[in-house]
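The values are calculated or read from the model by the stated rules, or taken from the named source; none is laboratory data. All values derive from a computational prediction rather than experimental measurement. Don't worry about glycine lacking a Cβ; one is built from the backbone with ideal geometry, like all the others, and counts go over all protein chains shown.
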Amino acid sequence: MTTSARLVLCCGLAALLHPASAQDTTTPKTLLGNGAALSTDDLGFSIAPAYGITSMDGRSASLFQLRAGVGIKDKLTLGGYFNTSLNEIRPQSEVLPNIYMDYWSVGGYMEYTLLSDRVVHLTFPLMVGFGEVEMDNEPDNLELGEANFLVVEPAALMELNLTKYVRFNLGAGYRLVGDMAYRNFTQAEISGLTGYIGLRVGLFR
């Protein structure tokens with residue numbers, strides 16, 4: 001290889017390597033900030049009790065939900081949730097008299113909050129857990145068994161900053177129940193839309 005050819009090759013390699021090395025020094029854009037290491041000042045926590053109204057097997061059901069988690073830069077929250085029925089649900093498909101159904105689910109959740117520094121903003125929890133329905137009656141206490149299943153529920157809530165530590169929210173979620181069959185109904189009668197109203201109390205930062 002001649003000296004001039006070597007010089008051209010070296011210049012070409014230098015031109016290729018220079019922008020790559022310059023790009024490595026830039027900080028990539030990320031979901032939660034500039035990619036710097038998290039500190040305790042970025043972490044908060046919240047507890048979110050909520051009341052829900054939904055329908056199961058053709059009957060209305062009142063739900064109590066409680067979420068609790070750790071927040072990162074007031075954008076992403078990770079934690080656990082518990083959801084349970086408050087009223088005695090009387091399934092439409094049930095043929096035995098004086099029978100009612102209980103429902104509950106428990107699991108983990110991830111929640112992304114958009115523009116939390118504004119008075120009114122949006123937040124999007126996604127709950128994934130384990131659920132159960134069980135028939136019961138009183139005073140006979142019949143042994144009617146239960147059914148267990150996977151529950152996935154995405155939700156969208158509008159949130160209002162009441163104070164620095166308290167937020168009010170309302171919105172809806174859609175409960176998706178995994179494959180199950182129990183007495184006269186299947187997952188299609190348990191899956192459905194839920195309306196929520198609640199609070200989120202905590203340290204948001």
Checklist entry - Can you name the residue in segment 100-147 that is part of a strand (DSSP E or B) and among the acidic types (Asp, Glu) and is also surrounded by the most Cβ atoms within 10 Å (Cβ to Cβ) among such residues? => result 111
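Residue-wise test of (1) of a type in the set (Val, Ile, Thr); (2) under 30 Å from residue 76 (Cα atoms); (3) more than 16 Å from the chain's Cα centre (by Cα).
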| residue | (1), (2), (3) |
| --- | --- |
| 103 | no, yes, yes |
| 121 | no, yes, yes |
| 124 | no, yes, no |
| 147 | no, no, yes |
| 154 | no, yes, no |
| 158 | no, yes, no |
| 166 | yes, yes, yes |
| 180 | no, no, yes |
| 189 | no, no, yes |
Checklist outcome for this item: Residue hits (segment 163-205; assigned to a loop (DSSP other than H, G, I, E, B), in contact (Cβ under 8 Å) with a residue 60 or more places away in the chain and surrounded by 14 or more Cβ atoms within 10 Å (Cβ to Cβ)) are 183, 204, 205
Checklist entry - Of the residues that make up segment 60-75, is at least one assigned to a loop (DSSP other than H, G, I, E, B), under 30 Å from residue 184 (Cα atoms) and modelled with pLDDT of 60 or more? => result no
Item to check | Scan of segment 59-99 for residues that are aromatic (Phe, Trp, Tyr) and either crowded, with 17+ Cβ neighbours inside 10 Å or in contact (Cβ under 8 Å) with a residue 24 or more places away in the chain (or both), ordered by number | outcome: 81, 82
Checklist entry - All but one of (1) within 17 Å of residue 103 (Cα to Cα); (2) surrounded by fewer than 21 Cβ atoms within 10 Å (Cβ to Cβ) hold for residue 54; which doesn't? => result (2)
